[in-house]
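Everything below concerns the one structure shown next.
Nothing in this text is a laboratory measurement; each read-out follows from the coordinates by a stated rule. Quick caveat: nothing in here was measured; it's all calculated off a predicted structure. FYI the Cβ positions are ideal-geometry reconstructions off the backbone, even for glycines, and counts take in every protein chain you see.
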Amino acid sequence: MDLTLPKEYDLLRHMIRDVMENEFAPVAEEADEKAEVPFEAIKVAAKAGLFGIPFPQEYGGSGAGELGYVILMEEISRVDSAMATVVGAHIGIAAMAVYVDGSRALKEKYLTPMAQGAKIGAFCLTEPAAGSDAAAIKTRAIRSNGNWVINGTKIYISNGPFADLFSVLAVTDPALGARGGVTAFVVEKEMGTKIGVVEKKLGIRASATSEVIFDEVEVPQANVIGQEGLGFVTFMKTLDLGRVTVGAASLGGAQKALEMIIDYARLAEKYGMPLAHQQQVQFMIADLYSWNEMLRGLVYRTAWMVDNHRPFAREAYVCKLMGSEIASKAVSYAMEIHGALGLSRDYPLERAFRDARIAEIFEGTNEIQRIIIARDLLREVGVHIEP
Amino acid sequence: MRIVVCIKQILDPETIKFSRSQQAIDDRLATRIMNPPDRWALDAALRFKEADPSIEVIAMSLGEPGVEDVLREALALGCDRAILLSDAAVVKARAAGLAQIVATAIRRLRNVQLVMTGHMALDTGSGTLGARLAIELGDWPVLMNVDQLRLEGGHITGLQYADEKYYHSSYPLPAVATVLETPQHPRYPHGADIINAYRVRNVEVWSSLALGIDPTTLPAPTTGRQLRVPPARQLGLIVEGTPQEAAQTLVAMLRSRRVI
Amino acid sequence: MNFAFTEEQAMFRDMFADFAAKEVEPRAEHMAEDEEVPAGLLKKAAMQGFLGALTPEDYGGAALDPMSYILLLEEIAKSDMSTAMVLHVHNSLASQAILLCGSEAQKEEWLPALAEGGAVGAWALNEPDSIALGSMQATAKVDGDAYILHGTKAWVSNAGIAGLYVIFAVAPEGPTAFLVPADAEGLKLGNRDKTLGMRGVQINPLYLNDVAVPAESVLGQPGGAQAVLDQVTDFSRLSMAAIALGGAHHALDLGVKFAIDRKQFGSEIALKGAIQAFIADSALEVETLRSQIYRCASLAEQGKLDREAAAIAKLWANRVAYQVGNRMIQTHGGYGYILDYAIGRVFRDCRTIEGIEGTNRSQQTAIAKSVLATHGFAA
C-alpha cells in the first residue's frame, strides 16, 4: 500500500498554488466586496490548463484524473472559495456531465472548449420546486422536427450569468418521470437561453448565480447527453463526482483556517502571553488538525477509488458531508479565536466564514447527504426509507 | 541554434528552519524548488523560442537524482530537452569544478550559441556560475545581471545592472547571460505538460564518464568544517524622549562605545 | 418566585414590539446594505424615550426598569440587531456610565442631551493592541487644569454618529475615563471598520491627536477607569445577551416560517424529523437563554447582578445566537444563502455578537474564576 502521491501531482499542486497566490489572492477581497467575477485571473488560469485538469488530453485536458481535480479544488479553496464554486460548477458538473455520458462527437464539440477554458459551462438542475428533491423538475423538452424544444426555468445556477454552455436536465416523458423520462442536453447560449434574476449572495460573491430561462429554446438531437430518458442517471453520476471535490475544496478551506489560527495564536497576546499558551486554543488546534487529516485521507482515498474505477458514491457523500462540516467548524474556530478581528471585512477570515457556509448547502444540503447515506446503509438490511 | 539554461534546485528558503540546539539547518520539512532567478532565465529563453521556433532550449542541471524534478518542471514549461549531469564525482564538485563539468557538457551539445542562468542562487547567495562558464567555454562574452534580453542579428542585448545603474549592453554570440528577476511573473506550466513531463518525456542523465571527465582532475571540492547558526538577536534599545533629547542621548551612547 | 411581567412591563413590551415592527423591520435590509442606522430612525426612537431608556425622568429619560430595558433590546433586535446595538452602546455604556459614575454637573450637562437624541453616546475603550485597561497605550498627560489625550482607540461603536465619546486613557493616576464631546479639537475619526454583521453600527478607529479636555471631564475619579467598568460591565454583557436573544428568536421565527412554506419530497419540510430536530434544539436554546437573561434582569432590578450570572448569559448568548442562526440558515437551504431572505443577514448578525464585548474565552475565564472562588480557590 503506497500512499505517496506520484511526483507529477506535487508539481501540479505547486503550479496551481502559484496561479492562485499570484493571480487570485490579490483580487479576491475586492471581487467579493463588489460581487464581480475576476475574469482576468480566470483567463490566466485557463491558459495554465486549470479547467481541464481531470479530463483526458485528447479532449484538451491535462489527464490528471480525479486525483488532479481534488488537488485543484483544494488549492483553489485555500485562496478563494468563490473561485472553487466557479470552477466546480464549470468543470466539476457542467463539463463533467458531458464527460461521463456524452458521445465522442459531443465531447469533441463541447468538452474540449470547456476543458481549455475557451467556453465556460453551467449545470442546470435546480428549479423552484426541485431543490433537494431533484426528481421533481418541471422543465420540459418536447420533440419537434427532429429537434428538441425546451421550456422551463432553472434557479440558483452557478456561472449562469456568463456561461457559454449549459448542461440541462429536462423532462422528456412525464409519464416515466425520473425513471426513464428525463433527458440531459447540452445547450449553447446562442440557442436562446436567457438570464433571469442575478442573485445577491451571503458569500462566494465573486462567483455569479442566476436564473436561467428556457423559452422555446430549440436544441438539436445531437446535443442529447448519453441516452434519451436516462438524463437523471447522468446527472446523479455527475453529482457523485462533484461531491468528492466539495470535500476537497472544504479541505483546502479548513487547512487555510488552521494555518490562520496557528499564525494568530503564535502572535496575538492576551493576558501577557501568546494565545497559543491557552489550553482552549491548543485543543482547537489539535482537534482541527485531526479532523483535517481524517478528511485528507477520505478525500484522497475517494479520488483514488474514482480513478481506479471502484464504486465510490457512498464515500462521495461522506466527502461532501464531513468536508463541509469540518470546513465550517474550522472557520468557526478561527472566528472565535480572532475575536473582533475575525469580524472585520479588511481581514480575509470574514470572507472565509461567509464563503464556507455554502458547502453545507449546495450540491445537496447536508440533510439530504445524511438521508442518502442512511438509506443506502439501511437498504442493505432490507429497510427502505423515504426522505 | 541551441540555448542552454542552467538550473539549480534549492531548498525553498521559506521552508527551511534553523535548529539552534543542533547548530544545523533543519530541512526535514523543506521543499525543493527551482531557484527562482533560474526560472526567470528559463522564461526569457522560452520567449526567444516562441519568437523563433527553430531555437532549441535545453535545460541543464547538476546533482543528485532528485534534482531531476526541476528538470521535469523545465520540460513542463516548454524546454525541448533536459539534461541532468549526475554521478558521484559530479555531485561532490563545487563552483570551479561545476563550471568545468557544465562547460564540457555544453561543448558536447554543439551549436550552443547562448547559455543562460539566474543572476544568483538564492540558497548560497553565489552568482559566479555565469562568469566561470564564460571562461571555461573559451572566454565567451558574459552579460551579468541583465533584464529585457533580446536576440538580434547574431547579438544578445539587454539592460545590464551594475554599480546601481543600468547599461545597455550588446555582445556577439556565443555568449553567456545571467538573468535578473523582473516584476512580471514568469509563465506557468500547463497542467497537461506537467503530467507529460513525468509520464511521457525523459530527462537525459549524463555521467562524468560519458563526458570524458576524469574526476581526479577536477578542482578539490569545498568541504564544510563547521556550521553555526547565528545567536538569537537581542532586543535593541529604544531611546526615549523628544527627537532632540533622543538624538543627544544616542550620540552620547555612540561616543561612549567609541562608535563615533 | 414570580416569573410574570408586571402589567407595565407587558405593556412596554407590546409597545417596543410595535415600534420594531413599524419602524425598524421595514428598514432592516436597507440599514445592512447602506451600513448605517438612519438619523431619522434614531430621532423616532428618541421620541419614544429609547435614547434615555435607563435615565431618570429628572434628566429627561424614560426611567425604564432593567427588565423593561432588556425587553426593549430584545424586541428591537428581533427586527434588527444593528439598531439594538446602537441603542445598547448609547444606553448601557455611555449613559449608564455617566448616571452611575458622573458628577452632578456631568449628569446635567450630558444626560438630557443623550436622552433627547441631541447627542449619541460612543464608547472608546479598545485599542488596536489592547482590549483591557492593563495594556492600554493611550495617554492623558496633565497640563495645568487640563488633560491632553493622545493615542489611538479602535473598534469604537457608534463612532460615526456620536456626539459624546467616553474615552479611556492612562493618566498619571492610572487608567481614567473622560467625557469628550465629538467636536473637541484633535479628535479624528479613522476609516470605517467594515464588519461581517451588524453592519448598521458605525464602527471606526478614533485618533486622539493631543485632545485637550478640562479636568472636569474626568468621569469618576482620576485613575478610576476600573471602577467605571465595574459599574457597567455586567449589565452591558447582559444587554448584549438580550440582543443575541432577539436575534436568535428572529432566526428561529424565520426558519420555522420557511419550513412550513417549503415543500420537498411531497410534504412540508416542517414535517421532516431532521428539521424538527433543528427547530426543537433551537427552541430549547432560545428559551433557556431567555430564562437566564430574564433572571439576570430580575437580579439587576434588585441590584444583585453579578459577574458570573452576566458572563453565563453572554457566553450562552454567543453560542445560542450562532447555533440557532446556523441551523436556521441550513433549514432554508439554498434560499438561505440568497440575500432576498432575511435569514442571511440575521445569520451574519448572530455570528457577530460573539466578537463584541467578551469573546467565549473571556466569558469562560470569568465564569470559571467565579465558580472556583465558591470552592475557595483563587484562579
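Data for the structure
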{"quantity": "Spatial separation of Cα centroids for the range B:11-33 and the range B:198-228, in angstrom", "calculated": "23 Å"}
{"quantity": "Inter-part distance where the range A:49-105 and the range C:48-66 are each reduced to a Cα centre, Å", "calculated": "62 Å"}
{"quantity": "Choice from C:P128, C:P56, C:P112 with maximal GNM fluctuation in chain C (Cα, 10 Å cutoff)", "calculated": "C:P128"}
{"quantity": "Positive-end extreme of charge dipole, the protein assembly as shown - chosen from B:A175, B:P13, C:V142 (charges on Cβ)", "calculated": "B:A175"}
{"quantity": "Rg and Dmax of the range C:101-215, Cα atoms only, in Å", "calculated": "13.8, 44"}
{"quantity": "Overall form of the range C:175-221 per C-alpha gyration tensor (a/c, 1.5; a/b vs b/c)", "calculated": "prolate"}
{"quantity": "Most mobile of A:I262, A:I93, A:I53 in a GNM of chain A (Cα contacts under 10 Å)", "calculated": "A:I262"}
{"quantity": "Relative contact order %, chain A, counting alpha carbon pairs below 8 Å whose residues are six or more apart", "calculated": "16 percent"}
{"quantity": "Residue of C:D34, C:D234, C:D65 that the Gaussian network model of chain C assigns the largest fluctuation, springs spanning Cα pairs under 10 Å", "calculated": "C:D34"}
{"quantity": "Qualifying chymotrypsin sites (Phe, Trp or Tyr not before Pro) for the range B:146-201 [loop in DSSP, other Cβ within 10 Å: at most 14]", "calculated": "none"}
{"quantity": "The range C:55-134: relative contact order in percent, alpha carbon pairs under 8 Å with at least 6 residues between", "calculated": "33 percent"}
{"quantity": "Net dipole in debye of the protein assembly as shown [+1 Lys, Arg Cβ; -1 Asp, Glu Cβ; about Cα centre; nearest 20]", "calculated": "3000 debye"}
{"quantity": "Extension gain (nm, one decimal) between B:V259 and B:N111, 0.36 nm per residue minus Cα-Cα", "calculated": "47.5 nm"}
{"quantity": "Cut-off 13 Å between beta-carbons: net charge of the residues surrounding A:D164, Lys and Arg +1, Asp and Glu -1", "calculated": "+1"}
{"quantity": "The range A:108-215: Cα Rg divided by the 2.2 N^0.38 Å rule of thumb", "calculated": "1.08"}
{"quantity": "Restraint check, A:K109/A:K189; A:K154/A:K201; A:K34/C:K194; A:K329/C:K272; A:K34/C:K188, Cα-Cα greater than 20 Å", "calculated": "A:K329/C:K272; A:K34/C:K188"}
{"quantity": "R0 of 22 Å, Cβ-Cβ distance A:A175-A:E216: FRET efficiency to nearest 0.05", "calculated": "0.45"}
{"quantity": "17 Å tail of the calculated P(r), the range A:239-356, as % of Cα pairs", "calculated": "55 percent"}
{"quantity": "Per principal axis, descending, Cα span of the range C:226-374 in whole Å", "calculated": "60, 26, 25"}
{"quantity": "Projected label distance in nm at B:A210 and B:K49, using a 7 Å step from Cα toward the beta-carbon", "calculated": "1.9 nm"}
{"quantity": "Nearest-0.05 FRET efficiency for A:D287 and C:A379, computed from C-beta distance (R0 22 Å)", "calculated": "0.35"}
{"quantity": "Alpha carbon centroid spacing (whole Å) that separates the range B:49-68 from the range C:98-131", "calculated": "72 Å"}
{"quantity": "Gyration tensor verdict on the range C:7-120 (Cα atoms; rounded if a/c is under 1.5, prolate if a/b is larger than b/c, oblate otherwise)", "calculated": "oblate"}
{"quantity": "Simple spin-label estimate for C:L372 and B:E14 in nanometres, 7 Å along Cα-Cβ", "calculated": "4.0 nm"}
{"quantity": "Computed label-point distance, nm, for sites A:D263 and C:M11 using a 7 Å Cα→Cβ extension", "calculated": "5.8 nm"}
{"quantity": "Those lysines that a straight Cα-Cα span of less than 25 Å connects to A:K7, excepting residues fewer than 8 apart in one chain", "calculated": "A:K47, A:K256, B:K8, B:K17"}
{"quantity": "The range A:297-327 residues near the modelled A:A374 label - backbone nitrogen below 17 Å, point 7 Å along Cα→Cβ", "calculated": "A:317-318, A:321-322"}
{"quantity": "Relative contact order, percent, the range A:122-229 [alpha-carbon distance under 8 Å, six or more residues apart]", "calculated": "31 percent"}
{"quantity": "Gyration tensor (alpha-carbon) shape descriptor, the range B:2-217, a/c threshold 1.5", "calculated": "rounded"}
{"quantity": "Crossing angle, helix A:366-379 versus chain A [Cα axis fit, 0-90 degrees, rounded to tens]", "calculated": "70 degrees"}
{"quantity": "Dipole of chain A, positive end: most advanced residue of A:G102, A:V219, A:L378 [Cβ charges, Cα centre]", "calculated": "A:L378"}
{"quantity": "Tail fraction, Cα-Cα pairs, the protein assembly as shown, threshold 38 Å, whole percent", "calculated": "58 percent"}
{"quantity": "Estimated Rh, chain A: Kirkwood, alpha-carbon pairs, angstrom", "calculated": "21.3 Å"}
{"quantity": "Cβ-Cβ FRET estimate between B:I135 and B:A162, R0 fixed at 22 Å, reported to 0.05", "calculated": "0.75"}
{"quantity": "Residue order, fewest to most beta carbons within 10 Å, for C:I161, A:I326", "calculated": "C:I161, A:I326"}
{"quantity": "Residue mean of other protein chain beta carbons inside 10 Å, A:277-284", "calculated": "1"}
{"quantity": "Sequence of B:D52, B:D123 once ranked by neighbouring C-beta atoms within 10 Å, starting from the fewest", "calculated": "B:D52, B:D123"}
{"quantity": "For the range A:138-291, with +1 on Lys and Arg beta carbons and -1 on Asp and Glu, the positive-most of A:L239, A:G253, A:Y264 along the dipole", "calculated": "A:Y264"}
{"quantity": "Order of B:L11, A:L298, C:L206, C:L254 - criterion: other Cβ atoms within 10 Å of each residue's Cβ, fewest first", "calculated": "B:L11, A:L298, C:L254, C:L206"}
